[in-house]
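Participant: Pasting a structure below so you can have a look.
Readers should treat all values here as calculations from the given coordinates under stated rules, not as data from a laboratory. All figures in this text were calculated on a predicted structure; none of them were measured in a lab. Methodologically, a virtual Cβ is constructed for each residue, glycine included, from the backbone with ideal geometry; neighbour enumeration extends over all protein chains shown.
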């Protein structure tokens, strides 16, 4: 593992909060996003243009995007489930408070597509293609392939199929493709070869590691992805979220890769995140305050480990 | 990573329980050990011959060893802090209920030796040498090097010094040497090279990976050790314990590598543990019952991931 630099996308405000039973007030969300920007995050998953009745957690999508701090080099991502969502994203952009990135999702398996998206993969690809067309080059697009490392309904997922989906996203002009281990079924032995293959087949479109810690493997899988050349990671402060609300697949305590713990692992390994570590801990505290409970980060309790010379709090 | 076989030492009954504020009744401990034997564990850290006033959790060491099930190929380990402890171990052996393995500990740093053992490294090595002499070849001896991957007082630890300590243990005739990441300061980037070096320098004395999850890195570090050739791992059901009680070093929620989560990671990677996975989950439930609370395993909640053909619950 060589010293290098990686980019983390902070997903607390969207993937992290999607699960919360209580609506988190917009100003509270904004205060967490403020702390992410202050800590140096340059990619932030801010909200979702889901239908407000279906996912009320993000009924304030436009208001939130109007309130978050805008700074050079900070990109906000919003997830879009359908063409109507892209139209809302365009309206916000026209109103001067648009997202910078839109993410468009497919699932690698038919069974999960049916249960989660209530459609078929073929129809979802048509849907995604229409969304990309509507976006009209006015956003960076991020493809997402969920269940890319295994599915609770179909079991193993063919890496060749994931590579094909990756290529379809590349053909749609996306700038990144997110590899989702949606229910924590990936292992270093499957993550490493998949990321190596994608980097070899699509050298111009980086893969993003989006792992869930359902079985405790998130950090080990991040190391495998890093070793295979991955330089983009999704994570959420406190390890919250990481499992679509109200969808009854998978079991157990799921959660996103925990930002604090991933930052510690990377920085103590000599991989620069570009973040201010002191302000990472401040953001961690802000997120716990926002949700009113201790979250799942170990580093939030224990502090950072042995940092390289020149890196300090 | 190739398909292979590893040996896990289950540490719940000793390293796991050392932290518990309430004494766990001997019969409750025995019932957990029963479940470990049933699940197929062949190395079990059962108790400690610590002074009963100093570590009352193990005041029942002899009684416990008299009650645990004895089966061919099952080795019980007891920790010994001083020559008096070895004398107690010998008395139990003479009485027909001895431990099979004794572990003898040094710390890699002077500062930790002073705070934890209240002595110097030189005196502790004399102590360990005397214990090995007293044991008289009647037990398998397991050397332990704590703080081998970093120290909260001294920071980085020279791998050359760890290798020297390893060699001193080898000269004392130990069968294994445990590499302790006592406060979770190791990373895959330090674990991998250390284990590779030890395997190269001491091919006849296997190193044991004993990692604490203080900063969430335990499983990632286990993968690094495995990739470097390590085939012996310490873990505890529910990820409990892992931090000497009443010793005020380090901070945060520490814990041993979680057995259930490690077994899942290994088995889903195609590395055989020799365990019955159904009975691993039964032992997990037994441990939660013994402590009367949910413990820290993710797999205890989520279940095992995608097992290879031929491996099933």
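Participant: Filter the stretch A:288-313 down to residues that are at the interface with another protein chain (Cβ under 10 Å from one of its Cβ atoms) and outside any loop (DSSP other than H, G, I, E, B) and give me whichever is nearest to residue B:189 (Cα to Cα).
Facilitator: The extreme case among them is A:299.
Participant: Can you give me the number of residues within the stretch A:66-86 that are free of Cβ contacts under 8 Å to residues at least 60 places away in the same chain and under 24 Å from residue A:145 (Cβ atoms)?
Facilitator: The number of residues fulfilling the criteria is 8.
Participant: Surrounded by 15 or more Cβ atoms within 10 Å (Cβ to Cβ) and under 17 Å from residue A:288 (Cα atoms): does that describe residue A:60?
Facilitator: Here the answer is no, as residue A:60 does not meet what is asked.
Participant: Continuing with this model, one more query. Quick check on my filter: what residues within the stretch B:140-151 are assigned to a loop (DSSP other than H, G, I, E, B) and either free of Cβ contacts under 8 Å to residues at least 40 places away in the same chain or in contact with a helix residue (DSSP H, G or I) (Cβ under 7 Å, 6 or more places away or on another chain) (or both)?
Facilitator: B:147, B:148, B:149
Participant: Taking the condition of being within 14 Å of another protein chain (Cβ to nearest Cβ) and assigned to a helix (DSSP H, G or I), how many residues in the stretch B:152-175 meet it?
Facilitator: Within the stretch B:152-175, residues that are within 14 Å of another protein chain (Cβ to nearest Cβ) and assigned to a helix (DSSP H, G or I) number 1.
Participant: Next up: Of the residues that make up the stretch B:114-130, is at least one in a helix (DSSP H, G or I), in contact (Cβ under 8 Å) with a residue 40 or more places away in the chain and farther than 21 Å from residue B:169 by Cα?
Facilitator: The answer is yes, given that some residue of the stretch B:114-130 is in a helix (DSSP H, G or I), in contact (Cβ under 8 Å) with a residue 40 or more places away in the chain and farther than 21 Å from residue B:169 by Cα.
Participant: Right, another one. Among the residues in the stretch A:113-136, are any within 14 Å of another protein chain (Cβ to nearest Cβ) and touching a strand residue (DSSP E or B) at 6+ places or on another chain (Cβ under 8 Å)?
Facilitator: The answer is no; no qualifying residue exists.
Participant: Can you name the condition, by its number, that residue B:165 falls short on among (1) out of contact with any helix residue (DSSP H, G or I) (no Cβ under 8 Å at 6 or more places or on another chain); (2) under 20 Å from residue B:7 (Cβ atoms)?
Facilitator: (2)
Participant: Given the residues A:154, A:164, which is the only one that is over 18 Å from the mean Cα position of the chain (by Cα) and either free of Cβ contacts under 8 Å to residues at least 12 places away in the same chain or under 15 Å from residue A:198 (Cβ atoms) (or both)?
Facilitator: Step by step, each of A:154, A:164 is checked, and only A:164 is over 18 Å from the mean Cα position of the chain (by Cα) and either free of Cβ contacts under 8 Å to residues at least 12 places away in the same chain or under 15 Å from residue A:198 (Cβ atoms) (or both).
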